[in-house]
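*Asks:* Let me begin by handing over the structure; questions about it come next.
The values are calculated or read from the model by the stated rules, or taken from the named source; none is laboratory data. Values in this document were obtained by computation on a predicted structure and should not be read as measured data. When we count neighbours, we look across all protein chains shown, and the Cβ atoms used for this are built from the backbone with ideal geometry, even at glycine. Each accessible area value is taken on the protein alone, full model and side chains, heavy atoms only, with ligands, DNA and RNA left out. Shrake-Rupley method; radii C 1.70, N 1.55, O 1.52, S 1.80 Å.
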Amino acid sequence: MDDTVFLGIESSCDDTAAAIVTGDRRILSSVVSGQTDLHADFGGVVPEIAARAHAERLDLCVEQALDQAGLRLSDLNGVAVTAGPGLIGGVMSGVMCAKGIAAGAGLPLIGVNHLAGHALTPRLTDGIDYPYLMLLVSGGHCQFLRVDGPQDFTRLGGTIDDAPGEAFDKIAKLLALPQPGGPSVEAEAALGREGRFDLPRPLLDRPGCDMSFSGLKTAALRLRDQLIAEQGGLRQSDRQDLCHAFQTAVAEVLAEKSRRALALSPAPVLAVAGGVAANQTIRAALERVAAAAGAAFLAPPLRLCTDNGAMIAWAGIERFRAGQQDGMDLIARPRWPLDNRAAPMLGSGKKGAKA
């Protein structure tokens, strides 16, 4: 039994989070303070507002996490914190908070790559062995990673522009649907008709595992404008059918690229993490791909797919076990690729340079 106990702190985008996790994979507490209401009037995350909210909430989230776990700082073995990539103001707030706690309590400090937190989540939730294939798919990032160790990642492909979650948000905005866009578009799509609209499947005509969603978003925008011009407005059925077509296109692109990734780098498990993993149509498509390739399919619980402190604590534990820790010179990084051997992606989502 591993009695290591870590505090994890996450503040890379618009969720302030803290959690207590043990080395034997028990999540003793997990606190997430969202900021949706703060950004609702702006149609997206405002970095300055997010950074200020993190600075105001971080100590409260840490205190709540300790209280829920029934522990004190003296009971911890270390502090793990997201040190990048992400919105730099938020990342800096988290790193400074973690440094203060580590220095005051005399604890080891572990800087964690936010994407590694997502990528290692299946190890926390299901205890799976290396290697496995991970699809990170959310509002700020989208990439395929072969995971061979806590710091051994090989990127097989990723988005060259918008991340899927960002595209969902933009589609929701142009159709006047509530934010966040993913759940809103999925709800409308469930009522839409199959086959009425045909949207493009970007990059499927090219080899490899790279993806693009900006052109798909633009095609949906043009179709909306065409409907408005022809009819003098947009009917509810138009909105539903358009959402259905958009969601179907995203699901087919992700499924085909997952099939290619598994063929390129066979693995016993295909895991998926990120907020878009909550979409049932996309999840079902990925399950079929995994089954056809003879791989198990794994999607952690939604609360651990989106940004949270538990994944950061676990990634910190994995680094700590490897004999690694950071000093007070740990820096916040807006960009931090997991695979330094891979060429930089051509673009990244506007919601945050997480890829």
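*Asks:* For segment 136-148, which residues satisfy the criterion of being at pLDDT 95 or above and within 20 Å of Glu318 (Cα to Cα)?
*Replies:* Result: Leu145, Arg146, Val147, Asp148.
*Asks:* Shifting gears a bit: If you check Leu60, Leu73, which single one turns out to be touching a helix residue (DSSP H, G or I) at 6+ places or on another chain (Cβ under 6 Å), of a type outside the set (Lys, Arg) and either open to solvent by 60 Å² or more (accessible area, probe 1.4 Å) or free of Cβ contacts under 8 Å to residues at least 40 places away in the same chain (or both)?
*Replies:* Answer to the selection: Leu73.
*Asks:* Among the residues of segment 3-57, how many are without any contact (Cβ under 8 Å) to a residue 24 or more places away in the chain, open to solvent by less than 60 Å² (accessible area, probe 1.4 Å) and more than 16 Å from Leu304 (Cα to Cα)?
*Replies:* Qualifying residue count, segment 3-57: 4.
*Asks:* Report yes if Lys354 is open to solvent by 30 Å² or more (accessible area, probe 1.4 Å), within 25 Å of Gly157 (Cβ to Cβ), modelled with pLDDT under 95 and in contact with a helix residue (DSSP H, G or I) (Cβ under 9 Å, 6 or more places away or on another chain), otherwise no.
*Replies:* Criteria not met by Lys354.
*Asks:* Would you kindly identify the helices (runs of 4 or more DSSP H) lying entirely within segment 181-297 that contain at least 2 residues that are of a type in the set (Ser, Thr, Tyr) and open to solvent by 20 Å² or more (accessible area, probe 1.4 Å)?
*Replies:* Hits in segment 181-297: 214-231, 236-264.
*Asks:* Can you list the strands (runs of 3 or more DSSP E) lying wholly within segment 22-119 that have 3 or more residues being touching a Pro at 6+ places or on another chain (Cβ under 8 Å)?
*Replies:* So the answer is 78-84.
*Asks:* Okay, moving on. Does segment 217-236 contain at least one residue that is closer than 24 Å to Ala271 by Cβ and either modelled with pLDDT of 95 or more or aliphatic (A, V, I, L, M) (or both)?
*Replies:* no
*Asks:* Could you list all residues from segment 159-178 that are open to solvent by 20 Å² or more (accessible area, probe 1.4 Å), more than 14 Å from Ser138 (Cα to Cα) and in contact with a Lys or Arg (Cβ under 7 Å, 6 or more places away or on another chain)?
*Replies:* Of everything in segment 159-178, just one residue is open to solvent by 20 Å² or more (accessible area, probe 1.4 Å), more than 14 Å from Ser138 (Cα to Cα) and in contact with a Lys or Arg (Cβ under 7 Å, 6 or more places away or on another chain), namely Leu174.
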